[in-house]
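K.L.:
Can you read through this structure? Questions will come right after.
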Amino acid sequence: MIESKAESRATFCRICEPLCGMIATVEDGRLTSLRPDKDHPLSAGFACQKGIAFTEVVNDPDRVTMPLKRTPDGFEPVSWDEALDDIAARLDAIHRHHGSGAVAWYMGNPAAFSYSHLFAAMAFAKGIGGDSHFFSSSTQDTSSRLLANQFLYGAPFPVPIPDLIRTDLLVMLGANPVVSHGSFLTAPRIKDRMHDIVKRGGRVVVVDPRRSETAAQFEWLGITPDSDAYLLLSILQVLFAEGLVSVRSRTQAKGLDWLQEQCAPFTPELTHQHTGIDPGTVRALARDLAGTERAAVYGRLGTCVGRNGTLTNYLLDAVNLVAGNLDTPGGSVFSTLGIPGQKWGSMAMGAALRRSYRNKRTRVGGFRAVIGAEPAAFMAKEITTSGRRQVKAMFIGAGNPVLSVPNGLEMEQALESLDLSVGLDLYVNETTAHCDYVLPVTTMYERDDFAVTFQMFQATPFRQATDAVVAPRGQARTEWDIVVDLVARMTVRTPVFGALRLAAKRAARRGQRLSPRPMIDMMIRMADGGDRFGLRRGGLTFRRLAEHHPHGVVVAPNIRTGVLGEVVVYPKGRIRLAHEDISSEIAALSRRARPDDYPLRMIGMREARSENSWLHNSPLLMRGTRIHRALMHSEDAAARQLSDGDAVRVRSPYGQIDIAVSLTDDIVRGTVAIPHGWGHKGSGGWRIANQAGGANVNQLMSSDPSDVEALAGMSWLTGVPVQVEAG
Ligand SMILES: Nc1nc2c(c(=O)[nH]1)N[C@H]1C(S)=C(S)[C@@H](COP(=O)(O)OP(=O)(O)OC[C@H]3O[C@@H](n4cnc5c(=O)[nH]c(N)nc54)[C@H](O)[C@@H]3O)O[C@H]1N2
Ligand SMILES: Nc1nc2c(c(=O)[nH]1)N[C@H]1C(S)=C(S)[C@@H](COP(=O)(O)OP(=O)(O)OC[C@H]3O[C@@H](n4cnc5c(=O)[nH]c(N)nc54)[C@H](O)[C@@H]3O)O[C@H]1N2
Ligand code: SF4
Ligand SMILES: [Mo]
C-alpha cells in the first residue's frame with residue numbers, strides 16, 4: 001500500500017475582499033482541508049466560516065466538471081472539442097448576420113477575484129467588436145461610487161478609502177463589515193481594526209436603518225432607508241454655515257462656493273423629515289468631523305444602491321473634503337500603487353471614460369455607460385427588444401443574474417429566447433440552467449492568482465501571489481484558457497482576436513499555453529516593493545512573491561497621503577465640485593414621490609454564511625435550520641396582526657414574494673430587511689441549495705429604465721417601497 005502524503009501550502013482566500021491567508025492541505029493531489037494562516041502578516045490566523053468551508057465547494061459532487069450541453073432531456077456531458085466547435089460556429093454565424101452588437105458578456109462578482117478571468121472577459125468583449133455589449137455586477141454594486149470619482153477626480157480609480165489604521169473617528173454609512181468583512185476596503189480582521197479605533201480613544205459611528213451586527217458593536221445612528229443624501233447635504237450645510245470649512249479644502253478643490261449654494265437649503269431641520277435623524281445629532285456629527293484631527297466618512301453598498309447613489313457617493317467625499325479629512329493621515333485616503341507614470345495612465349483612462357460617458361448611450365433607456373459596463377438591470381430588455389444591436393448570444397461568467405438583478409423572472413424568460421447562451425460556472429445555477437452550454441471552470445485553488453482588483457483598496461499596502469494549490473478537478477479550465485481556445489476556433493477577424501491567436505500560436509510553438517501572467521508580473525515589478533526590472537535588488541516579482549513570500553509581504557506600514565496631485569487628473573490636481581449632473585440629482589431629490597399603498601421600505605441584509613447566491617450548497621454552511629426570512633419591526637408587525645415566524649406576502653409596485661417574517665426592535669420603524677441570493681431552483685444543479693427554500697427578493701425590484709439610478713445606471717436595491725401582509 002502506498003502511504004498518502006499530506007502537504008501544506010500557503011495561499012489565500014478569494015471569496016470576499018480581505019483575501020485572508022489560508023493553509024491548504026493537499027493529499028494525493030486532492031484538497032482535503034483549509035485552515036487560517038497564522039503567519040499571514042495581516043489576517044494572522046483569522047478566516048471566516050465561508051473560507052474554511054470552501055473545501056466543500058472544490059470537492060462538491062454537484063460541481064460541473066465536464067462541459068454540459070442542454071438537450072430536451074436535460075444537461076448531457078460533451079467533450080471540450082464538441083462544445084467549443086459548436087459554440088464557435090454558432091457565434092461566427094450570429095456575428096456574420098447581426099454583427100458584434102448581437103453578442104453580450106455578463107461578468108459576475110467572483111471574476112473580480114481572478115486576474116486571468118478579468119483579462120479573459122475583457123479580451124473577449126473588446127475583441128469581438130466595438131458594438132458588443134458588456135454587463136457586470138458593477139451596476140448592482142460599485143458603478144455609482146466609480147462615477148462619483150470620475151466627476152470629482154476625473155477618473156474612476158483610485159477609490160478613496162478610510163485610513164482605518166490611523167483614524168480616530170470612523171463614520172460608516174451603509175456598510176456592515178462585521179458580516180461582509182469589508183468592501184472597497186481590503187482589511188483582514190476588520191472587526192479588530194475597528195475595535196482598535198475605540199481602544200485608542202476614538203469612535204466608530206454606524207449609520208444604518210438596521211442595528212446591524214456592526215452597529216451593535218459600536219454606536220448606532222438609525223436612518224430612514226435611501227435618505228443618506230439628505231443627511232450628507234445637511235452635514236455640509238452645517239459645515240458651511242458654522243464656518244467649519246477647512247483651509248486645506250480651498251487648495252484641494254475648485255467649486256466650493258457652488259457646493260455651498262447647492263446645500264444651503266438643506267438645514268438639519270428640513271432634512272429631519274426625510275432621514276428621521278434629530279437635527280442636534282446632525283450638527284454634533286458635523287462638528288465632530290471637522291473638529292477631530294483624524295476622521296473619515298465611509299460608505300458602501302447601502303449608499304451605492306439607492307435612487308441617487310452617485311450623488312450620495314459624491315456627497316460622502318465632499319463631506320470629507322470640506323471637513324479637512326481628505327488625503328490626510330487618518331482621513332479618507334487614496335492608496336496608490338507607486339507605479340511611475342500611473343497618473344498618465346489614469347489621465348488616459350479618465351479622458352476615454354469621460355468621453356464614452358458623454359457620447360455613448362445604451363440602446364434600452366438611453367443610459368450612459370460607466371467603466372464601460374451597461375446597466376445589468378436592462379439585460380433582459382436588451383435581449384427581447386428587437387432592432388440593431390439586439391442581443392442574440394450571451395456569455396455569463398461567474399454570475400447568477402436571475403437572482404442578482406432586478407426582475408429575475410424577466411431575465412429567466414429572456415435567456416430562453418437567445419440563439420446562443422453559454423455559462424462559465426462551478427455550478428448549474430438559476431441562470432446557467434437556462435444556457436445551451438455550461439462550461440466547467442477552476443476554483444480559486446486550482447489557478448494561480450494575484451488580487452489585482454483590490455490592490456488599491458488595501459488599508460495596509462500588501463502583496464501576495466499564489467500558484468495553483470491543486471490541479472483542476474475533472475475537465476475544469478480557467479476562463480482565460482476557454483476564451484483563448486474559443487477565439488482560435490472562430491473566424492471573426494478583429495485586431496484583438498488576431499493578436500490573441502498569433503500569441504497563442506507562438507506560445508504553442510514553445511510548448512506553452514498563452515498566459516496573461518506577464519502583464520501582472522509587470523505590474524508587481526513596477527509597483528511599490530517591485531524589483532523595477534532589476535533596478536531594485538531583491539524587489540518583488542510574481543515568482544518571488546509566490547515562492548519566497550508565500551504568506552505575502554506588507555510593502556508599507558501606512559497609505560501614503562498628500563497624493564491628490566498624483567490621483568486627480570484635472571489641471572493642477574484639483575478636485576472639481578461643480579457638475580450639472582450633480583445639481584440635477586439634488587433637484588430631483590425633492591421631486592421624489594412615495595406610492596401610497598406601499599408604506600414600508602425594503603433594504604438588503606447580508607448573512608455570515610452566504611456569499612450572494614452561491615455558497616448555499618455547502619453542508620457546513622447550511623447546517624442547522626437556515627430559513628430565508630424578512631426582518632421587520634415588532635410594532636409594524638403588531639399593526640398588521642403578524643407574529644414572529646408567520647408566512648407573509650411582501651409586495652412592491654413591481655412584484656411580490658412569499659416569505660417568513662422575523663420580528664425585531666433593532667430596525668428603524670417602517671423598514672423591512674430581506675437577504676438576497678435565495679430562492680434557488682437551478683434544476684440539474686446544486687441540490688442542497690435547491691432544497692433550501694426562500695424567495696428571489698429581486699422579484700420586488702424594478703428593471704424599468706425610469707426606476708434605475710439616472711447617472712450610473714445602478715439597480716435600485718435599497719429603500720424600495722413595499723407592503724407586508726399575512727400570506
Ligand atoms: N458574508 C457575506 N459577506 C459578503 C457578501 C455576502 O453576500 N455575504 N457579499 C460581498 C459583496 S458582493 C459585497 S458588495 C460586500 C458588501 O459589503 P457591505 O456594504 O459592508 O455589506 P452589506 O451587508 O450589504 O451592508 C450594507 C448595509 O447598509 C445598510 N443599508 C441599506 N440601505 C441603506 C441606506 O439607505 N442607508 C444606509 N446608511 N444604510 C443602508 C444595510 O442595513 C446593511 O447593514 O459584501 C461582501 N461580503
Ligand atoms: N437585492 C439585492 N440584490 C443584490 C445585492 C443586494 O445587496 N441586494 N447585491 C449585489 C451585489 S453587491 C453583487 S456583487 C451581485 C452579485 O451578483 P452575481 O455576480 O450575478 O451573482 P453571484 O451570486 O455572486 O454568483 C456568482 C456565480 O459565480 C460562480 N463562481 C464562483 N467562483 C467562480 C469562478 O472562479 N469562476 C466562474 N466562472 N464562476 C464562479 C458561482 O458558482 C455563482 O454561480 O448581486 C447583487 N444583487
Ligand atoms: S472573510 Fe472572506 S476572504 Fe476571509 S476567509 Fe472569509 S470568505 Fe475568505
Ligand atoms: Mo458586491
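K.L.:
Using alpha carbon coordinates only, what is the Rg to Rh ratio of the range 30-71, with Rh defined as the Kirkwood radius?
P.N.:
On the way: Rg = 15.0 Å, Rh = 12.5 Å.
Answer for the range 30-71: 1.20.
K.L.:
Name the residues whose placed amide hydrogens come within less than 5 Å of the amide hydrogen of residue 326, ignoring near sequence neighbours (fewer than 5 apart) on the same chain.
P.N.:
Correct list: 332.
K.L.:
Now, a different point. Which log10 I(q)/I(0) values, to two decimals, does the range 596-726 give at q = 0.16, 0.19 Å⁻¹ under the Debye formula with one point per Cα?
P.N.:
-0.83, -1.10
K.L.:
Residues of the range 312-351 with the amide nitrogen closer than 11 Å to a label point 7 Å from the Cα of residue 536, along Cα-to-Cβ, please.
P.N.:
Backbone N within reach: 337-340.
K.L.:
Under the definition of Cα pairs under 8 Å and six or more residues apart, what whole-number percent is the relative contact order of the range 1-123? Don't skip to the end; give the middle numbers.
P.N.:
On the way: 135 pairs, mean separation 16.2, N = 123.
This gives 13 percent for the range 1-123.
K.L.:
Right, here's the next one. Would you be so kind as to identify which of 561, 579, 595 lies farthest towards the positive end of the dipole of the range 557-606, taking Lys and Arg as +1 and Asp and Glu as -1 on Cβ and the Cα centre as origin?
P.N.:
Projecting each Cα onto the dipole axis, the largest value belongs to 561.
K.L.:
Per residue, what accessible area does the range 596-726 have, given a 1.4 Å probe and all protein chains present, in Å²? Let's see the in-between values first.
P.N.:
Numbers: 4920 Å² over 131 residues.
For the range 596-726, the solvent-accessible area averages 38 Å² per residue.
K.L.:
Also, quick follow-up: When the convex hull of the C-alpha atoms of the range 1-144 is computed, what volume per residue in Å³ does it have? Numbers along the way, then the final one.
P.N.:
Numbers: hull volume 27.2 nm³, N = 144.
Residue-normalised Cα hull volume stands at 189 Å³.
K.L.:
Over the alpha-carbon set of the range 267-326, divide Rg by the Kirkwood Rh and report the Rg/Rh ratio to two decimals.
P.N.:
On the way: Rg = 12.2 Å, Rh = 12.5 Å.
Over the Cα atoms of the range 267-326, Rg/Rh equals 0.98.
K.L.:
Distance between Cα centroids, the range 470-543 to the range 56-105: provide it in whole Å.
P.N.:
Here the answer is 23 Å between Cα centres.
K.L.:
Kindly give the semi-axes, whole Å and largest first, of the ellipsoid equivalent to the chain, taking each as the square root of 5 times a Cα gyration tensor eigenvalue. Show your work: numbers first, answer last.
P.N.:
Details: eigenvalues 285, 189, 145 Å².
Value: 38, 31, 27 Å, ordered largest first.
K.L.:
Roughly what % antiparallel, to the nearest 5, for the DSSP beta bridges in the chain? Write down the numbers at each step before the final one.
P.N.:
On the way: 42 of 88 bridges.
Of those bridges, close to 50 percent are antiparallel.
K.L.:
Once you place label points 7 Å from the Cα toward the Cβ at residue 507 and residue 281, how far apart are they in nm?
P.N.:
My value for the distance between the label points is 5.5 nm.
K.L.:
Here's something else I'd like to know. Need one number for the range 484-558: average projected area of the convex hull over its C-alpha atoms, nm².
P.N.:
Working: hull surface 29.6 nm².
The Cα convex hull of the range 484-558, projected and averaged over all directions, gives 7.4 nm².
K.L.:
Take every Cα pair under 8 Å in the range 596-726 that's 6+ residues apart, average their separations, divide by the length, and report that relative contact order as a whole percent. Write out the running numbers ahead of the final one.
P.N.:
Details: 255 pairs, mean separation 48.1, N = 131.
Reported as a whole number, the value is 37 percent.
K.L.:
Please name which of 349, 403, 224 has its Cα lying farthest along the dipole of the chain towards the positive end, using unit charges on Cβ (Lys, Arg +1; Asp, Glu -1) and the Cα centre as origin.
P.N.:
Result: 349, furthest along the dipole toward the positive end.
K.L.:
What is the dipole size for the range 231-373, taken about its Cα centre, with +1 at each Lys and Arg Cβ and -1 at each Asp and Glu Cβ, in debye to the nearest 20?
P.N.:
Values: 16 positive and 9 negative charges, 207 e Å.
So the dipole magnitude of the range 231-373 works out to roughly 1000 debye.
K.L.:
Still on this structure, please answer the following. At a Förster distance of 35 Å, what's the computed FRET efficiency of residue 669 paired with residue 59, Cβ-Cβ distance as r, to 0.05? Mind dumping the intermediate values first?
P.N.:
Details: r = 46 Å, r/R0 = 1.31.
E between residue 669 and residue 59, to the nearest 0.05, is 0.15.
K.L.:
With a 1.4 Å probe and all protein chains left in place, how much of the accessible area of the range 596-726 comes from carbon and sulfur atoms, in whole percent? Don't skip to the end; give the middle numbers.
P.N.:
Values: 2260 of 4920 Å².
Carbon and sulfur together cover 46 percent of it.
K.L.:
Given the pairs 381/681; 50/191; 38/199, which are separated by over 25 angstrom at their Cα positions?
P.N.:
Numbers: 381/681 22 Å; 50/191 16 Å; 38/199 23 Å.
Long pairs (Cα-Cα over 25 Å): none in the table.
K.L.:
Next question, about the same structure. With equal scatterers on the alpha carbons only and no solvent term, can you work out the Debye log10 of I(q)/I(0) for the range 144-208 at 0.12, 0.17, 0.24, 0.28 1/Å?
P.N.:
-0.34, -0.65, -1.06, -1.22
K.L.:
Under the rule of -39500 (n - 2.57) per DSSP H run of 4 or more residues, summed and divided by the residues of the chain, what mean residue ellipticity at 222 nm is obtained, to the nearest 500 deg cm²/dmol?
P.N.:
Details: 27 runs with 246 residues, N = 727.
That calculation yields -9500 deg cm²/dmol at 222 nm.
K.L.:
Now, a different point. Using alpha-carbon pairs under 8 Å, 6+ residues apart, how would you state the relative contact order of the chain in percent? Before the final figure, lay out each step's value.
P.N.:
Working: 1658 pairs, mean separation 144.3, N = 727.
Reported relative contact order: 20 percent.
K.L.:
Sticking with this structure for a sec: P(r) for the range 320-379: what percent of alpha-carbon pairs falls in each 5 Å bin, starting at zero?
P.N.:
4, 15, 15, 12, 15, 17, 14, 7, 2
K.L.:
Here's another thing I want to ask about it. What percentage of all Cα-Cα pairs in the range 520-598 are separated by more than 14 Å? Before the final figure, lay out the partial values.
P.N.:
Numbers: 2346 of 3081 pairs.
Value for the range 520-598 (Cα pairs over 14 Å): 76 percent.
K.L.:
Suppose every K and R has +1 on its Cβ and every D and E has -1 on its Cβ; what is the size of the dipole of the range 596-726 about the Cα centre, in Debye to the nearest 20? Write down the numbers at each step before the final one.
P.N.:
Working: 12 positive and 15 negative charges, 132 e Å.
So the dipole magnitude of the range 596-726 works out to roughly 640 debye.
K.L.:
Taking the Cα centre of the chain as origin and charging only Cβ (+1 Lys, Arg; -1 Asp, Glu), how large is the dipole, in debye to the nearest 20?
P.N.:
Values: 81 positive and 76 negative charges, 494 e Å.
Charge dipole of the chain: 2380 debye, to the nearest 20.
K.L.:
While we're looking at this one, here's another question. State the Cα centre-to-centre distance between the range 568-609 and the range 23-40 in whole Å.
P.N.:
44
K.L.:
So which lysines can residue 254 reach, going by Cα to Cα under 28 Å and dropping same-chain residues fewer than 8 places off?
P.N.:
Straight-distance partners of residue 254: 343, 360, 572.
The values are calculated or read from the model by the stated rules, or taken from the named source; none is laboratory data. Values in this document were obtained by computation on a predicted structure and should not be read as measured data. Reconstructed Cβ throughout: ideal geometry from the backbone, glycine too, with neighbour counts over all protein chains shown. Note: accessible area is taken over every heavy atom of the protein model, side chains too, but ligands, DNA and RNA are not part of it. Shrake-Rupley method; radii C 1.70, N 1.55, O 1.52, S 1.80 Å.
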